[in-house]
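Report on the following structure.
The values are calculated or read from the model by the stated rules, or taken from the named source; none is laboratory data. This structure is a prediction, so every number in the text was calculated from the model and none was measured. Ideal geometry is used to build each Cβ from the backbone, glycine not excepted, and the neighbour counts take in all protein chains shown.
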Ligand code: CDV
């Protein structure tokens with residue numbers, strides 16, 4: 001059997017200010033893609049809403065101003081400002097995950113990412129963020145950092161759909177090579193899944209992909225470390241503690257969920273201090289199916305984080321501890337899809353016999 005090896009990268013992007021020129025930001029992405037090409041990388045993951053600053057932190061009174069942060073149309077790959085990135089992906093034959101704010105042809109707004117196949121020269125898959133954090137209305141406190149994703153985006157309507165990426169690994173099994181009744185775990189073109197930022201904190205999202213045999217999850221993110229109104233004020237913290245905790249939670253969910261679904265993951269941050277004051281963690285990372293971080297960003301700037309990964313390593317978990325077929329007990333999981341919020345057991349009587 002062909003060893004299913006891949007060289008992959010997270011392309012972390014540092015600060016992008018509110019008034020940044022989109023063409024210049026795309027040039028920063030192009031530079032990272034050129035570095036990826038020089039290192040023989042086959043697949044690059046860029047962050048959430050990569051082309052602009054993370055605009056949902058602002059309230060826009062002028063719709064025309066808001067629109068500058070969206071990419072218009074169902075297929076953005078020929079939009080003038082961003083086209084150079086897709087042209088380079090195609091000429092270099094490097095596949096990409098890219099996040100952006102999508103304004104559809106019929107005027108709807110989504111927080112979206114696409115998987116663009118540099119091999120095929122077209123979009124292979126699209127995902128729209130399902131777990132939108134934050135609020136619709138700004139916080140009353142004028143000092144608060146807002147997260148108005150519920151105002152600007154609809155929850156994603158494309159589900160969690162895994163897909164196979166063709167031509168990334170030569171010589172793998174194709175349809176017809178293996179009898180239909182044979183167990184085909186760990187063969188064929190790589191099975192990929194996409195999430196966006198807050199989705200990575202929800203085990204349901206990972207399990208949806210896990211159930212489709214996913215081998216590599218890609219996630220772009222914008223995570224502030226000091227948005228107190230958003231995270232709550234449960235205990236006083238120094239800035240150092242708040243920052244350390246935001247990193248800890250990011251690493252925790254990437255490692256734990258990669259392990260529990262026996263898949264690799266790549267996470268790519270929009271990092272740094274936008275406008276010199278809006279903090280975002282870095283921590284772009286590549287995690288193994290055993291839950292170990294095998295490569296991680298060292299800076300809060302533009303940085304390419306690379307690793308060689310062997311997709312066959314997913315088999316150990318998928319065939320043993322997390323062989324879902326043998327060990328899952330769906331008859332005990334009905335609350336997960338029938339109930340959204342928490343329903344606690346009733347309060348106890350004053351005296352419990
Ligand atoms: N862009 C995000 O989805 N950010 C959230 C923050 C706001 C909690 C995150 O989960 O990182």
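So which residues in segment 90-113 are away from the ligand (no atom under 16 Å from the Cβ) and buried (at least 22 other Cβ atoms within 10 Å of the Cβ)?
94, 95, 96
Checking each residue in segment 120-149 for being away from the ligand (no atom under 11 Å from the Cβ), within 24 Å of residue 206 (Cα to Cα) and surrounded by fewer than 20 Cβ atoms within 10 Å (Cβ to Cβ) picks out 123, 124, 125, 126. Among the residues of segment 207-245, those that are closer than 25 Å to residue 274 by Cβ and in a loop (DSSP other than H, G, I, E, B) comprise 222, 223, 224, 225, 226, 227, 232, 233, 237, 238. Scanning segment 173-206 for residues that are closer than 14 Å to residue 97 by Cβ, within 16 Å of the ligand (Cβ to nearest atom) and either part of a strand (DSSP E or B) or touching a helix residue (DSSP H, G or I) at 6+ places or on another chain (Cβ under 7 Å) (or both) turns up 194, 195, 196, 199, 200. Filter segment 44-69 for residues that are in contact with a helix residue (DSSP H, G or I) (Cβ under 9 Å, 6 or more places away or on another chain) and either over 20 Å from residue 112 (Cβ atoms) or more than 16 Å from the ligand (Cβ to nearest atom) (or both) and give the result. Residues satisfying the conditions are 44, 59, 60, 66, 68. Scanning segment 219-240 finds no residues that are under 30 Å from residue 5 (Cβ atoms), more than 16 Å from the ligand (Cβ to nearest atom) and surrounded by 17 or more Cβ atoms within 10 Å (Cβ to Cβ). Take the conditions (1) exposed (fewer than 15 other Cβ atoms within 10 Å of the Cβ); (2) in contact with a helix residue (DSSP H, G or I) (Cβ under 6 Å, 6 or more places away or on another chain); residue 80 misses just one of them, which is (2).
Across segment 260-268, not a single residue is classified as within 16 Å of the ligand (Cβ to nearest atom), closer than 15 Å to residue 218 by Cβ and part of a loop (DSSP other than H, G, I, E, B).
Residues of segment 320-333 include none that is closer than 28 Å to residue 281 by Cβ and free of Cβ contacts under 8 Å to residues at least 60 places away in the same chain.
Within segment 193-204, residues that are more than 11 Å from residue 250 (Cβ to Cβ) and touching a residue at least 12 places away in the same chain (Cβ under 8 Å) reach partners that are more than 14 Å from the ligand (Cβ to nearest atom) and part of a strand (DSSP E or B) with beta carbons closer than 6 Å, at six or more positions or on different chains, in the pairs 193/217; 194/218. Checking each residue of segment 173-196 against the condition of being farther than 23 Å from residue 288 by Cβ, surrounded by 22 or more Cβ atoms within 10 Å (Cβ to Cβ) and modelled with pLDDT of 95 or more gives no match.
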